[in-house]
Every structure is written in C-alpha cells, then in structure tokens.
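Below is one structure, written out as structure tokens; the observations come after it.
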Amino acid sequence: ETYHIPQVVESILNQSYQTFLIYIVADKCDITNLKFDDERIIIIKPVEVIGSNTGSHQFAINNFKRLHTHLTIIDSDNILHPKYLEELNKYFNAGFVAVQGTRAAKNLNTTYACLDAARDIYYHFYDGIVLFNSGSSATLAGSGMGFEIQLYVSFLKQNKVSGAGFDKVLQAWLLKQNIRIAFNAEAIVYDEKTTKSDQLVKQRSRWINTWFKYFKYGFQIFFQGLQNLSLNQTIFGLVLLRPPLFIFLILSVLAVFVNLIIGLSITYWLLGFISFIISFFLALVLSETDFKIYASLINIPKFVFFQILSLLKVRKANQISVATKHFHENEKSDIKKSKR
C-alpha cells in the first residue's frame, strides 16, 4: 500500500528539525502516484523484490545521497509528531547511540484498536520509561527508533535477520555490547492499530512466535550482566525472559487453581493480581490515556481469547502476513484528538 505515503511524508516535512533526507524504499509497489516536489524526498525502487525490512534498510543505506550521522526507521503508515526528530536529537546530543520513541495510537476506531493501544501504553510505560529510568535500556518497538548510522550498519553486516523480530535481535546485539537504548516519551510516532479480530490473531501469532524464538537472549544477557556487574544488562535480561502479558496472566490463574486444589493459600497470588491491576491502571493514568481506551477495557476477556487463538497458530506464524490493513479514513482527525 502506498496511499498513506503522502501523509507520512507531509508529517516529516513539517518537522521542527529540518536537516534530513527522506528515503522511501518502494519494494514491490506501484509508485506511479508518488510525486513530490521537495528534493529531500528520494524514492528508490529495487530491481528485484527484497521482501524484508532489514533488506530494505540496507538498500536505503546503499543508496544514501550523502554521508549521514543518524537514521530513524519509520513504517509506511506512521505519522510523526512535529517534534519527533528534534526529540531524537536531544538524546543523540546527550551521547546515546540508540533511541526508542513512543508509538501512540493513530486510530481508536474499534474496540480492538483501543485494547491494542492500551497494551502499547502499558509496555511503553514499563518497558520504556521505567526500564530506562532504572538504569537499564528501553525495549525496541520495530519503528519510531533512531540509531547512529555506523552502529546500525555494523548490525546489518553481522546479523542476517529479516521479518518479524528483527528488533529483538537488534536489541540483544546492542545489550550484549552493554550499549544502553534510551527512551524518549516525547519522540512520538502515531502508529496504525489493529482493527479486526482476524488481523489481531495473525499479528499476535507472529509476535508470540518471535518471543519463543528469541527469549533465549534473556539468559545470555542476564548472566553477562552478572559477570560484568552491569545493571543495564542484568535488568534487561530479566525483562526478555518475561512471557507475553496474556501468557503470564494465564499461568498465574492456573497457579491459583492448583493452589486451591492442593489446599495451599492463594493470598500471595491475589495480592499479585491486585498489584498488577493497580500497576496497569497506573500506566494508563500517568500516560494521559484517551477515555475510549478506558471504555474498551471491559472487553479484555475477548481480547485475551483472540490472543489464545494466536498462540494456537504460532507454529504457522512465519507463513502469515502481518502488514496492518487500513479500514478507516479519518486518521488526521483521530490524531488531532489525541491528548499528546
């Protein structure tokens, strides 16, 4: 899909920071209607289909028009906050070589989109703000992130990975070198949220598959952190070992039933559930969450059900397309209503 590209480009051209070039990798798509007057916009179309995100990144780097010091990776349906690049630069100027921004919801037009956004808010708060402020690194989200050029070039040379999960390999590669990934909550990209149940199942199947495939990095980084006395590595390694949220909750519920069956106290488990609920709402409240998201929370059981279906399809996940399909037209108005 290319019809979102003009909006994406417009949001980049409206940045408060104006020293940049935009590289659009048109891999297996029609560029007939993509016409821009600004010379900073460079459309590059590979002769052969690349078919992977990291392959497209490498292709763009190989076609750079001048020497760059930093790059940022943006999905084809992302809209940038006007100060996105300016905020990334604050952290680059502070000495960080890898920065993750906030992926805020571009659309809240369905219950699934709202619940998807709630999940993102939770993870951004704890795996971004809290984790980074604790002295460790923020987890990467796949887009809305920026890097020093030579660092990312080195990653691509040393790691042959494509498709879902490249960000998991990238963050592990960085942490093994004890490089901190900064988190800037004000570097905001507006991201398309899942709107339909079948789309949710397919997307989550791929994401769950990547956790099973790459959680082993958690052990390596954790023990490396203990050996190096590195708070950055030790905490991050533990975070990577944590299963997806819905699996964690299901295992906890099963543990409660086991305790009931064998006659053990469930007090600690109940306290754990209460603590989780409080921490979940704390993340929403401190993130100035839209009321639509609060209203959607009553449908969490349905959301969990579809994630269980996703878990059952994990083995076939690599054969499933995860591109977010777009079913609404009012993106600009949705973004303007955002409290951010």
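The values are calculated or read from the model by the stated rules, or taken from the named source; none is laboratory data. Values in this document were obtained by computation on a predicted structure and should not be read as measured data. Because the Cβ atoms are built from the backbone with ideal geometry, glycine has one as well, and the counts that use them run over all protein chains shown.
Structural remarks
- Sub-7 Å Cβ pairs linking a first residue in the range 180-193 that is part of a loop (DSSP other than H, G, I, E, B) to a second residue that is aliphatic (A, V, I, L, M) and modelled with pLDDT under 95, at least 6 apart or interchain, are Lys193/Ala105; Lys193/Ala113; Lys193/Ala117, ordered by first then second residue.
- Where Pro243 falls short, out of the listed (1) over 23 Å from the mean Cα position of the chain (by Cα); (2) exposed (fewer than 15 other Cβ atoms within 10 Å of the Cβ): (1)
- Screening the range 45-59 for residues that are out of contact with any Leu (no Cβ under 8 Å at 6 or more places or on another chain) and under 22 Å from Val169 (Cα atoms) and picking the one that is surrounded by the fewest Cβ atoms within 10 Å (Cβ to Cβ) gives Gly51.
- Just one of the listed residues (Ser136, Ser154, Ser143) is in a helix (DSSP H, G or I), among the polar types (S, T, N, Q) and under 26 Å from Gly218 (Cβ atoms), namely Ser154.
- Restricting Lys302, Lys316, Lys292 to residues that are modelled with pLDDT of 90 or more, basic (Lys, Arg) and more than 21 Å from the chain's Cα centre (by Cα) narrows the list to Lys292.
- Selection status of Asp37, assigned to a loop (DSSP other than H, G, I, E, B), within 18 Å of Ser143 (Cβ to Cβ) and not basic (Lys, Arg): no
- The range 109-131, subset more than 20 Å from Gly237 (Cβ to Cβ) and of a type in the set (Asp, Glu), residue surrounded by the most Cβ atoms within 10 Å (Cβ to Cβ): Asp116
- Taken over the range 71-117, the criterion of being over 23 Å from Phe147 (Cα atoms), in contact with a strand residue (DSSP E or B) (Cβ under 9 Å, 6 or more places away or on another chain) and in a helix (DSSP H, G or I) is satisfied by Ala113, Cys114, Asp116, Ala117.
- Count of the range 154-179 residues which are surrounded by 20 or more Cβ atoms within 10 Å (Cβ to Cβ) and under 12 Å from Ser137 (Cα atoms): 4
- With respect to the stated conditions, Lys106 is of a type in the set (Lys, Arg), touching an Asp or Glu at 6+ places or on another chain (Cβ under 9 Å) and either surrounded by 19 or more Cβ atoms within 10 Å (Cβ to Cβ) or within 22 Å of Ser76 (Cα to Cα) (or both).
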